[in-house]
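Enquirer: Attaching a single structure in structure tokens format; questions to follow.
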Amino acid sequence: MGALAHRLADAVRETADMIVVKHTIFALPFAVMAAATAADPGWPPWRVWAWGLVAMVAARTAAMTFNRLADHHLDAANPRTARRALPAGRLSRRFAWTVTAAACLVFVLAAGQLNRLCLLLAVPTLAVLLGYSHAKRFTAAAHLWLGAALGMAPLAAWIAVTGSFAAPPLLLAAAVALWVAGFDIIYSLQDEAFDRSRGLHSAPARLGGRQALLVARALHAAALAGFAGFAVMAGGGPLRLIAVAAAGLLLVRQHQLVSPDDVSAVDAAFFTTNGVLSVVMCLLFLFAKMQAAL
């Protein structure tokens, strides 16, 4: 019994590592921010929070596990990723396929518990999420595809609350998509030589590191404008504007940390600054809503 429990614990730990649970910090705060803004006045009911969280976790689990399956052989050939669970043999492809299928099913079921529009959009959403895994094989716009996948989180949260589309979440979704695409380009600087040798279409492999960073800066400037527009649509006020200003400072800092000739600080630029950005923006938007209710 003890051996079985140990194997189960190892499988759970390896699965959590495979889907990179800590990277949930990128999209989840924006989903929370959108849901809270959509519920005006008041707050979304607990039922929406609960099923929305289940849907987000399931969608991300399906997307990340499928991505690991699609990139299995590439990860095995790349020294940076060769120790991941699948190429290292700590998890099997059969197990990963089972996790992917189960997560897709849970996502559709959770969407159905939210409202009719969520259910109707569940399968197309999965198509976007899973389709990203093959995008870099044929287009350098794969970074934007990943951005669109994460940008759907705040839009989905808004629809979960209201059952309809609206301009504010569409703008926020576009801003998140541009932000993610920009920092994904920065992250992919680590694999510029590998991607080029394998014929993969990342922006650094296609354009070179220096030009790719210029593209990332342009994307982040546009993202910041989108964040500002959403802040105004959400009601404006000092706290929301401070949130946008903080995002701007963090984006500037991110670009100060990396250069085409030095990618040693990519992890700090990728995870730390972007994680802080999403959490700070979310908290300040929530505080702004609570302040307005007083």
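The values are calculated or read from the model by the stated rules, or taken from the named source; none is laboratory data. Predicted model only: the values in this text are computed from it and were never measured. Cβ sites come from the backbone with ideal geometry, for glycine too, and all protein chains shown count toward neighbours.
Enquirer: Based on what the data block shows, is Leu117 surrounded by fewer than 19 Cβ atoms within 10 Å (Cβ to Cβ) and touching a Lys or Arg at 6+ places or on another chain (Cβ under 8 Å)?
Expert: no
Enquirer: Residue check: is Phe30 touching a Ser or Thr at 6+ places or on another chain (Cβ under 8 Å) and modelled with pLDDT of 95 or more?
Expert: Yes, satisfied.
Enquirer: Separate question: Show the residue pairs meeting these rules: Cβ distance below 6 Å; 6+ apart or different chains; first residue within the stretch 185-200 and at positive phi; second residue buried (at least 22 other Cβ atoms within 10 Å of the Cβ).
Expert: Nothing qualifies.
Enquirer: State which residue is surrounded by the fewest Cβ atoms within 10 Å (Cβ to Cβ) when the search covers only the stretch 42-88 and only residues that are among the small types (Gly, Ala, Ser) and in a loop (DSSP other than H, G, I, E, B).
Expert: Applying the filter and picking the extreme gives Gly42.
Enquirer: Do we find that Leu224 is under 27 Å from Ala141 (Cβ atoms), among the hydrophobic types (A, V, I, L, M, F, W, C) and part of a helix (DSSP H, G or I) in this structure?
Expert: Yes.
Enquirer: Could you list all residues from the stretch 223-256 that are more than 21 Å from the chain's Cα centre (by Cα) and hydrophobic (A, V, I, L, M, F, W, C)?
Expert: Val232, Met233, Ala234, Leu239, Leu241, Ile242, Ala245
Enquirer: Every residue in the stretch 135-167 that is surrounded by 20 or more Cβ atoms within 10 Å (Cβ to Cβ), farther than 28 Å from His201 by Cβ and in contact (Cβ under 8 Å) with a residue 60 or more places away in the chain, please.
Expert: Ala157, Trp158, Ala160, Val161
Enquirer: Can you tell me which residue is surrounded by the fewest Cβ atoms within 10 Å (Cβ to Cβ) among those in the stretch 168-211 that are over 21 Å from Pro29 (Cβ atoms) and hydrophobic (A, V, I, L, M, F, W, C)?
Expert: Looking at the filtered set, the residue picked out is Ala193.
Enquirer: Among the residues of the stretch 262-269, are any buried (at least 18 other Cβ atoms within 10 Å of the Cβ) and over 22 Å from the mean Cα position of the chain (by Cα)?
Expert: Scanning the stretch 262-269 turns up no residue that is buried (at least 18 other Cβ atoms within 10 Å of the Cβ) and over 22 Å from the mean Cα position of the chain (by Cα).
Enquirer: What residue, of Gly226, Gly236, is among the small types (Gly, Ala, Ser), within 22 Å of Ala173 (Cβ to Cβ) and at pLDDT below 95?
Expert: Answer to the check: Gly236.
Enquirer: Out of the stretch 134-169, which residues are aromatic (Phe, Trp, Tyr) and either closer than 24 Å to Gly209 by Cα or not in a helix (DSSP H, G or I) (or both)?
Expert: Once the filter is applied, which keeps residues that are aromatic (Phe, Trp, Tyr) and either closer than 24 Å to Gly209 by Cα or not in a helix (DSSP H, G or I) (or both), the stretch 134-169 yields Phe138, Trp145, Phe165.
Enquirer: Looking at the stretch 70-122, which of its residues are among the charged types (D, E, K, R), more than 16 Å from Arg13 (Cα to Cα) and touching a residue at least 40 places away in the same chain (Cβ under 8 Å)?
Expert: Asp71, Arg80, Arg116
Enquirer: A follow-up question, please. Test Leu214 against the stated conditions and say whether it is over 21 Å from the mean Cα position of the chain (by Cα), surrounded by fewer than 22 Cβ atoms within 10 Å (Cβ to Cβ) and of a type in the set (A, V, I, L, M, F, W, C).
Expert: Judged against the criteria, Leu214 is a match.
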